[in-house]
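Student: One structure, pasted below without further comment.
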Amino acid sequence: MKTLTKFLLIILISNCALSQDDEFRFGLHIGVDYANQISNFSSSSIYSAIDENQAHHFGIHAKASLNINSNWLAYFKIQATGRNINLPETTNSLESYYDDHFYVLQTERVRNTEEDKPENIFASIGGMYRWTQNKWEYQLGLGVGFASMSNLEYAYILKEKGANQYYEINIVPKYGNMVNLFIEPNANVAYQLNRRLKIFVSGTYNIMPNVPITIHNTKTDLYSKFPIESDKSYKESIQFLNLNLGLVIGLWQK
Amino acid sequence: MKMIKFGVYLLLVSGLIFACTQKYDNELVNIEKINLFLSDNRFEEPTTSNEESLSAKAFGLKLYLDLELTEDSDWEDEPDFSVKNTIDSIIITSSSNFDSEHQSGENLINHFSVFENYMFYSVQDYLSGDRVAKVNERKDGSFFESIDLLLKELPTQEENHEFTIRIVTMNNEVFEATSPSIQLTL
């Protein structure tokens with residue numbers, strides 16, 4: 001978080017010096033994001049018990065906007081989110097899921113095993129209507145795009161209640177589509193710091209309807225080492241609510 | 001030049017010899033005595049039990065090895081110790097018939113499995129031969145190792161059992177301990 005703050009301050013200070021006259025044809029938006037996955041999955045699926053249901057991510061995005069006229073602009077945006085930061089709640093939801101028959105043990109292993117990769121990458125294009133009031137600028141927009149969601153792996157131990165039975169569980173949710181179509185209504189408020197530079201806060205709602213998800217579940221008896229593999233498929237609508245904060249730098253003066 | 005090479009080789013060889021002998025010279029424990037308790041694994045982890053009756057599905061034995069550190073061992077620096085009087089054989093028996101193939105007094109070692117750190121091990125493989133003991137210290141300053149043996153093959157009928165573990169070391173020391181009586185329910 002400190003690094004991000006320093007990064008924003010450096011951009012802020014360096015770009016204040018670039019202040020020039022008049023409007024610009026392009027805007028380069030750079031920001032940090034907080035993404036909350038708010039999908040309401042079927043409560044009976046293991047998918048709802050692992051972190052996907054209430055996943056929280058931090059991310060970054062860059063957006064290039066083209067000023068078509070004084071009220072309309074078009075944009076292209078790319079966003080990457082980091083790994084889920086909501087693991088304690090994940091453990092609780094797993095314990096609730098297995099409550100009748102099992103204890104969930106070694107929960108430190110409930111994690112994305114591809115920690116170095118971004119979990120989700122979103123790319124979108126869209127249009128925005130804007131109006132200004134003194135130094136304030138308001139924008140309402142709608143975009144469409146594609147999301148690539150990484151296949152994560154979760155591992156933990158189950159102990160059967162009242163028995164010497166232990167199982168290792170590996171769960172890999174796989175998204176049926178390589179990329180998933182989404183729509184993103186969004187709203188922005190920006191404040192003009194100088195002619196070239198604005199600071200903005202925005203909210204974006206991403207919805208991916210009917211994403212085919214296959215949960216590959218391997219349950220291995222720790223004593224016999226015998227694995228039982230199963231696949232369960234669902235179609236779920238995945239929704240993200242993003243809060244974004246960043247800077248807009250004006251480029252290519254008219 | 002030859003002298004320098006010779007010196008380097010000498011240093012490497014002496015370092016290797018030191019590293020190989022260090023562990024066995026300094027970090028050793030002796031098994032002094034064993035104790036056997038009943039264990040109840042119905043909940044999150046196996047715990048010592050004083051019950052008169054336990055479910056066979058969640059039953060286990062807790063084997064305590066009382067250990068004595070050899071004179072050169074340094075408890076503060078190195079919590080893992082090699083066992084000096086290595087175990088040669090282990091026998092687990094019951095005072096009652098266990099199933100149709102195991103009458104009273106027959107070896108039940110394959111009915112139990114050592115459970116440690118979410119792994120199961122054969123009792124014989126885990127305890128016998130060269131091994132590193134997980135040494136713990138009691139409040140009175142004595143040392144011990146606790147080993148969980150979980151029952152993995154169930155008896156065919158409900159009986160009272162007194163389990164006995166007999167351990168023979170490579171140098172023919174014999175350690176024996178018997179558990180309290182327990183009725184295993186099905």
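For (1) free of Cβ contacts under 8 Å to residues at least 24 places away in the same chain; (2) of a type outside the set (Phe, Trp, Tyr); (3) under 18 Å from B:Leu61 (Cα atoms), each residue gets a yes or a no:
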{"site": "B:Lys84", "(1), (2), (3)": "no, yes, no"}
{"site": "B:Ser89", "(1), (2), (3)": "no, yes, yes"}
{"site": "B:Thr93", "(1), (2), (3)": "no, yes, yes"}
{"site": "B:Ser96", "(1), (2), (3)": "no, yes, yes"}
{"site": "B:Ser122", "(1), (2), (3)": "yes, yes, yes"}
{"site": "B:Asp125", "(1), (2), (3)": "yes, yes, yes"}
{"site": "B:Ser142", "(1), (2), (3)": "no, yes, no"}
{"site": "B:Leu149", "(1), (2), (3)": "no, yes, yes"}
{"site": "B:Glu153", "(1), (2), (3)": "no, yes, yes"}
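Student: Follow-up question, since we're still on this one. Return the residues of the range A:163-179 that are touching a Ser or Thr at 6+ places or on another chain (Cβ under 6 Å) and small (Gly, Ala, Ser); say none if nothing qualifies.
Tutor: None; the set is empty.
Student: Which residue is nearest to B:Glu145 (Cα to Cα), if the candidates are limited to the range B:98-120 and must be in contact (Cβ under 8 Å) with a residue 40 or more places away in the chain and open to solvent by 20 Å² or more (accessible area, probe 1.4 Å)?
Tutor: B:Phe115
Student: It is to be established whether one or more residues within the range A:130-137 are within 30 Å of B:Ala56 (Cα to Cα) and surrounded by fewer than 21 Cβ atoms within 10 Å (Cβ to Cβ).
Tutor: Scanning the range A:130-137 turns up no residue that is within 30 Å of B:Ala56 (Cα to Cα) and surrounded by fewer than 21 Cβ atoms within 10 Å (Cβ to Cβ).
Student: Here's another thing I want to ask about it. Within the range B:26-42, track down each residue that is farther than 22 Å from B:Phe163 by Cα and either of a type in the set (S, T, N, Q) or at the interface with chain A (Cβ under 10 Å from one of its Cβ atoms) (or both).
Tutor: Result: B:Asn26, B:Asn30.
Student: Among the strands (runs of 3 or more DSSP E) lying completely within the range B:114-153, list those that include at least 1 residues that are within 9 Å of the chain's Cα centre (by Cα) and more than 13 Å from chain A (Cβ to nearest Cβ).
Tutor: B:132-134, B:143-151
Student: Read through the list (1) assigned to a loop (DSSP other than H, G, I, E, B); (2) open to solvent by less than 50 Å² (accessible area, probe 1.4 Å), then give the number of the only condition that A:Met178 fails.
Tutor: It fails just one condition, (2).
Student: For the condition within 14 Å of chain B (Cβ to nearest Cβ), surrounded by 15 or more Cβ atoms within 10 Å (Cβ to Cβ) and without any contact (Cβ under 8 Å) to a residue 60 or more places away in the chain, what is the one hit in A:Thr214, A:Thr220?
Tutor: A:Thr220 is the lone residue from the list that is within 14 Å of chain B (Cβ to nearest Cβ), surrounded by 15 or more Cβ atoms within 10 Å (Cβ to Cβ) and without any contact (Cβ under 8 Å) to a residue 60 or more places away in the chain.
Student: In addition: When you go through A:Leu193, A:Leu197 one by one, which is the residue that is open to solvent by 10 Å² or more (accessible area, probe 1.4 Å), within 30 Å of A:Gly250 (Cα to Cα) and at pLDDT 90 or above?
Tutor: When all the criteria are applied, what remains is A:Leu193.
Student: Mind checking which residues of the range A:138-173 are open to solvent by 20 Å² or more (accessible area, probe 1.4 Å) and away from chain B (no Cβ under 14 Å)?
Tutor: If the condition is that a residue be open to solvent by 20 Å² or more (accessible area, probe 1.4 Å) and away from chain B (no Cβ under 14 Å), then A:Tyr138, A:Leu140, A:Leu142, A:Val144, A:Phe146, A:Ser148, A:Ser150, A:Asn151, A:Glu153, A:Val172 are the ones that fit.
Student: Mind listing whichever residues of the range B:1-59 are at pLDDT 70 or above and of a type in the set (Val, Ile, Thr)?
Tutor: B:Val29, B:Ile31, B:Ile34, B:Thr47, B:Thr48
Student: Take the range B:50-71 and flag every residue that is within 14 Å of another protein chain (Cβ to nearest Cβ) and without any contact (Cβ under 8 Å) to a residue 60 or more places away in the chain.
Tutor: B:Ala58
The values are calculated or read from the model by the stated rules, or taken from the named source; none is laboratory data. The structure displayed is predicted, hence computed values, not measured ones. Positions of Cβ are generated from backbone atoms using ideal geometry, with glycine treated the same way; all protein chains shown enter the neighbour counts. Each accessible area value is taken on the protein alone, full model and side chains, heavy atoms only, with ligands, DNA and RNA left out. Shrake-Rupley method; radii C 1.70, N 1.55, O 1.52, S 1.80 Å.
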